[in-house]
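Each remark here refers to the structure printed beneath this line.
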Amino acid sequence: MTEIDIEDKISKFWGIKCSALEIEQQIELDEILDNLSNNKFTNAEKNNPISAFKFASWLNTENLKNFFKKDSYKNFDIVEKRLGPRIRFIAAMCLGKYETIIDTYRTMIANEFWNILGFSTPPTYEILREFINERIGVERLQEFFDFLIIELIRQAKLNNIHLGRRIGQDATDTVCLKYDKEAKYSGYYKHEGYKVDVVHDLDDPTVPLDYTPMNLVDDEGKNLIPAQERLRQKGISIEEQKVDGSYVKSYENIAKSETKGTRLIYKIQDGWVYNEKGTEENVKRVYQKYHNEDGFKVNANKNFMLNFLCKKYEYYVVGAYYRNQRMTYTVNNPELAKKEIGERSCKTEGYFSVEKGTTILDSRPRRRGRREFIRRCGISMLSHIFAALIRIQHGIKTALGCVTYIT
């Protein structure tokens, strides 16, 4: 008897056995398969590439099911135990760089990968389409990403890994299809399309922590403070952030970042001069103007004054002070400043280079419109987070979000 014949008999036997099970027994079997799928983890590395379905099979989905508890299912308790394999399916879709659900489904069925994902029988395409497109949908991809980030941060802390302590931020462009009425033309990029602003960890540059889909002509500097606020809401304490000049054009960005305890590191731009409004003497002078205001302190220290003035919207004075400090530091420590800026250029630009080469972010869009761009952004970012979750669940602490060797 050939190996193919044996597999065919096993497949038929398995189908007969599952059809004889009651619904509760099938659910129990799903749980057993869920647990079995997490037993023999092997990391995807240079000398050991692993298929997306195999890698996704090691995802522990227990805490991830809670995302669907509030807004996705009215009778969550009934479907909860069936969600594990479905979550692994979307993980496989993202990790495998599949453009569509149907492409992912066909690969799964053709190779009988459904069993390693935890399905007791081959699921129908409609079940998976409905799960991804309606229970999550393009509109909630970013919400799903944020939910997974919170879980990743929680598990990272348990492993003494503090993601987001040092971060980099930048935006990258993508080209759209011709005649896309929603896309904009950029003279800087010399094409029509969109761009995405991404915050990633600097100690592990493979892990994106926040992203914002944008029009190609939008100012990415406007994303700095909102991204910081979202990260703090996720439980991240940002000590250091490296950015290019587009994020520090406004004194407000500098003031709000520094007074929240985030040290901004950036290259001094051509034409910048020392600002007299940002001297320590002027900070004290402006602070005294508020001597009748609630919260004013006599003989307050410098940090208190700067924070107080920021709350009074004196962004120009506060931002000028911190920018002056950065300029002075750069003049006095040229080599250290150059090294700091070099890390941003190397790691952030390197992140985007890898991102475009290993995910669907820069692939040819299936259709025109911003919605398609948002979908590709979401799948691309989720690929890294699923990879990171799987690795950290199995004790890996470096290159968490690397998807290069997941095929």
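Taken together, the values in this text are just the output of simple stated rules run on the coordinates, not laboratory data. Computed from a predicted model, the values in this text were never measured in an experiment. A quick note on method: Cβ atoms are made from the backbone with ideal geometry, for glycine too, and the neighbour counts reach across all protein chains shown.
Which order do the peptides 387-396, 107-116 take when ranked by the mean count of other beta-carbon atoms within 10 Å per residue, highest first? Mind showing how you got there, number by number?
Details: 387-396: 20.8, 107-116: 16.9.
Highest-to-lowest ranking by the protection proxy: 387-396, 107-116.
Quick one: net charge of P205's neighbours, Cβ under 12 Å, K/R +1, D/E -1? Kindly include the intermediate steps, with their values, before the conclusion.
Numbers: positive: R166, K242, R344, K347; negative: D170, D201, D203, D204, E343, E349, E355.
Once positives and negatives cancel, what remains is -3.
Go through 306-313, 127-134 and give me the packing order, highest mean Cβ count within 10 Å leading. All intermediate terms of the calculation are to be shown ahead of the outcome.
On the way: 306-313: 17.6, 127-134: 15.8.
Highest mean packing first, the order is 306-313, 127-134.
Count the net charge of all other residues whose Cβ sits under 11 Å from the Cβ of K347, scoring Lys and Arg as +1 and Asp and Glu as -1.
Numbers: positive: R166, K242, R344; negative: D170, D201, D203, D204, E343, E349.
The answer is -3.
Using alpha carbons only, how many degrees (0 to 90, rounded to 10) separate the axis of helix 83-95 from the longest principal axis of the chain?
Approximately 60 degrees, to the nearest 10.
Enter the angle in degrees (range 0 to 90, nearest 10) between the Cα long axis of helix 141-158 and the first principal axis of the Cα atoms of the chain, meaning the one along which they spread out most.
Computed tilt is about 80 degrees.
Take each of the peptides 379-386, 282-289, average the number of other beta-carbon atoms within 10 Å over its residues, and list them starting from the highest.
Values: 379-386: 25.6, 282-289: 15.0.
My ranking of the peptides, most packed first, is 379-386, 282-289.
Excluding N324 itself, calculate the net charge of residues whose Cβ lies under 10 Å from the Cβ of N324, where each Lys or Arg counts +1 and each Asp or Glu counts -1.
Numbers: positive: K277, R323, R326; negative: E276, E280.
With Lys, Arg at +1 and Asp, Glu at -1, the neighbours total +1.
Compute the angle between helix 3-19 and the longest alpha-carbon principal axis of the chain, please, reported from 0 to 90 degrees and rounded to the nearest 10.
The angle comes out at about 80 degrees.
Could you give me the ³J(HN,Hα) list for the stretch 198-205, computed from phi with Karplus coefficients 6.51, -1.76, 1.60 and θ = phi - 60°, whole Hz, x at Gly and Pro?
My calculation for the stretch 198-205 gives 10, 9, 10, 6, 8, 6, 10, x Hz in order.
Classify the stretch 103-223 as rounded, prolate or oblate, taking a ≥ b ≥ c as the square roots of the eigenvalues of its Cα gyration tensor: rounded when a/c is under 1.5, otherwise prolate if a/b is larger than b/c and oblate if not.
Judged from the Cα gyration tensor, the stretch 103-223 comes out oblate (a/c at least 1.5, b/c at or above a/b).
So what is the relative contact order for the chain, in percent, with contacts set as C-alpha pairs under 8 Å and at least six apart?
Relative contact order comes out at 21 percent.
Checking the table K249/K397; K234/K277; K222/K397; K178/K222; K195/K234; K190/K277 against a 31 Å threshold on Cα-Cα, which pairs fail? Each step should come with its number before you reach the end.
On the way: K249/K397 36 Å; K234/K277 35 Å; K222/K397 33 Å; K178/K222 28 Å; K195/K234 24 Å; K190/K277 38 Å.
The answer is K249/K397; K234/K277; K222/K397; K190/K277.
Could you tell me which label, among (i) 24.9, 79; (ii) 25.1, 93; (iii) 22.0, 69, carries the value of Rg and Dmax of the Cα atoms in Å calculated for this structure?
(ii)
Can you compute 3J(HN,Hα) from phi for each residue in the stretch 235-246, using the Karplus curve 6.51 cos²θ - 1.76 cosθ + 1.60 with θ = phi - 60°, rounded to whole Hz and x for Gly and Pro?
x, 9, 9, 8, 8, 8, 9, 10, 9, 8, x, 5
How many percent of DSSP beta bridges within the chain run antiparallel, rounded to 5?
Details: 20 of 27 bridges.
Restricted to the chain, the bridges split so that about 75 percent are antiparallel.
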